[in-house]
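K.L.:
First the structure, then my questions, so here it is.
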Amino acid sequence: MINIRQAEARDVVEMQTCNLTNLPENYQLKYYLYHIATWPELSFVAENEQKRVVGYVLAKMNDDGPTDTEPEDGHITSLSVLRSYRRLGLAERLMNQAQRAMVEVFNAKWVSLHVRVTNKAAFSLYKNTLKFDIEHTEAKYYADGEDAYAMKKNIKDLYPLEMDSLDF
C-alpha cells in the first residue's frame, strides 16, 4: 500500500534521488529544503510499505505575492514517480493533494507548471488527466535549450472551502 503524506526535511535526500533517477532537471538539496521550510503544507511524498519515497511533488506559491485584485497562484516545481510505481495513479494523487492544499491554506485560484514539449507522458497527464491548459510556449526554458509548455489550471472551484459549523 502506498501512503501519501506531507514532505518533511528528512525526505529531501530520497526526493532528490527520485528526481535524479527520472528527470534531467536536478535541484540541490537546499532547494527542496527551501520549499519545505517556506511552504510546508504544499509538498507531498508517496512512500511504499518500507517507508521508501517512491514519488513526490514539490510545490510553492508564486513569489510575487497577492495583489488587491488577484489572489496568490500556486506553482508545481517538480513531480516525479519512480518507474516501477507508475501507472498506479500516484502522480495524480500527489498533484491533487498539492492543489487542494494551495486552495485550503493559501486561497489559491490558479496553479501553474512547466513541462518539456518532448515529454509526452507528462504532457498527457497534465492536459488530459489533470485538465491543465497551455498558456504559451517558453522558448529555451530548460538549461539544455529545450522549450517548455507553460500550463495553468483554475483550482478555486475544485476544492471549495468548507465552512466550520458554528452554533449561534
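The values are calculated or read from the model by the stated rules, or taken from the named source; none is laboratory data. A quick note: this is a predicted structure, and the numbers were derived from the prediction, not measured. Please note: Cβ atoms are built from the backbone with ideal geometry, for glycine as well, and neighbour counts cover all protein chains shown. For accessibility, only protein heavy atoms count, side chains too; no ligands or nucleic acids. Shrake-Rupley method; radii C 1.70, N 1.55, O 1.52, S 1.80 Å.
K.L.:
For a quick check of your reading of the model, give me the residue pairs whose first member lies in region 1-29 and is under 19 Å from R83 (Cα atoms) and assigned to a strand (DSSP E or B), whose second is of a type in the set (G, A, S) and open to solvent by less than 60 Å² (accessible area, probe 1.4 Å), with beta-carbon atoms closer than 8 Å and at least 6 apart or on different chains.
P.N.:
Here the result reads N3/A46; I4/A46, each pair linking region 1-29 to a residue that is of a type in the set (G, A, S) and open to solvent by less than 60 Å² (accessible area, probe 1.4 Å).
K.L.:
Kindly list the number of the only condition in (1) of a type in the set (A, V, I, L, M, F, W, C); (2) open to solvent by 70 Å² or more (accessible area, probe 1.4 Å); (3) under 26 Å from Y141 (Cα atoms); (4) in a loop (DSSP other than H, G, I, E, B) that fails for L42.
P.N.:
(2)
K.L.:
If you don't mind, there's one more thing I want to ask. Here are the criteria: (1) outside any helix (DSSP H, G or I); (2) open to solvent by less than 50 Å² (accessible area, probe 1.4 Å). Tell me which single one I36 does not satisfy.
P.N.:
Tallying (1) outside any helix (DSSP H, G or I); (2) open to solvent by less than 50 Å² (accessible area, probe 1.4 Å), I36 fails exactly one: (1).
K.L.:
Here's something else I'd like to know. For residues in region 12-28 being farther than 24 Å from A148 by Cα and among the aliphatic types (A, V, I, L, M), which is most open to solvent (accessible area, probe 1.4 Å)?
P.N.:
Here the residue is V13.
K.L.:
What are the residues in region 71-112 that are in contact with a Ser or Thr (Cβ under 8 Å, 6 or more places away or on another chain) and more than 16 Å from G55 (Cβ to Cβ), if any?
P.N.:
Correct list: D73, G74, H75.
K.L.:
Within region 102-113, count every residue that is surrounded by fewer than 17 Cβ atoms within 10 Å (Cβ to Cβ) and either free of Cβ contacts under 8 Å to residues at least 60 places away in the same chain or not aliphatic (A, V, I, L, M) (or both).
P.N.:
Count: 3.
K.L.:
While we're looking at this one, here's another question. With the checklist (1) under 23 Å from I4 (Cβ atoms); (2) touching an Asp or Glu at 6+ places or on another chain (Cβ under 8 Å); (3) among the β-branched types (V, I, T) in hand, flag the one item T137 doesn't pass.
P.N.:
Evaluating T137 over (1) under 23 Å from I4 (Cβ atoms); (2) touching an Asp or Glu at 6+ places or on another chain (Cβ under 8 Å); (3) among the β-branched types (V, I, T) leaves (1) as the failure.
K.L.:
Any chance region 90-97 includes a residue that's over 15 Å from the mean Cα position of the chain (by Cα), in contact (Cβ under 8 Å) with a residue 60 or more places away in the chain, within 23 Å of I36 (Cβ to Cβ) and buried (at least 16 other Cβ atoms within 10 Å of the Cβ)?
P.N.:
Among the residues of region 90-97, not one is over 15 Å from the mean Cα position of the chain (by Cα), in contact (Cβ under 8 Å) with a residue 60 or more places away in the chain, within 23 Å of I36 (Cβ to Cβ) and buried (at least 16 other Cβ atoms within 10 Å of the Cβ), which makes the answer no.
K.L.:
Tell me whether region 53-60 contains one or more residues that are open to solvent by less than 50 Å² (accessible area, probe 1.4 Å) and in contact with a Gly (Cβ under 8 Å, 6 or more places away or on another chain).
P.N.:
Yes, some residue in region 53-60 is open to solvent by less than 50 Å² (accessible area, probe 1.4 Å) and in contact with a Gly (Cβ under 8 Å, 6 or more places away or on another chain).
K.L.:
Here are some residues: Y149, Y126, Y142. Which one is surrounded by 14 or more Cβ atoms within 10 Å (Cβ to Cβ), on the phi < 0 side of the Ramachandran plot, of a type in the set (S, T, Y) and touching a residue at least 60 places away in the same chain (Cβ under 8 Å)?
P.N.:
Selected residue: Y142, the only one of Y149, Y126, Y142 that is surrounded by 14 or more Cβ atoms within 10 Å (Cβ to Cβ), on the phi < 0 side of the Ramachandran plot, of a type in the set (S, T, Y) and touching a residue at least 60 places away in the same chain (Cβ under 8 Å).
K.L.:
Within region 129-139, track down each residue that is under 16 Å from the mean Cα position of the chain (by Cα) and surrounded by fewer than 17 Cβ atoms within 10 Å (Cβ to Cβ).
P.N.:
Selection gives T129, K131, D133.
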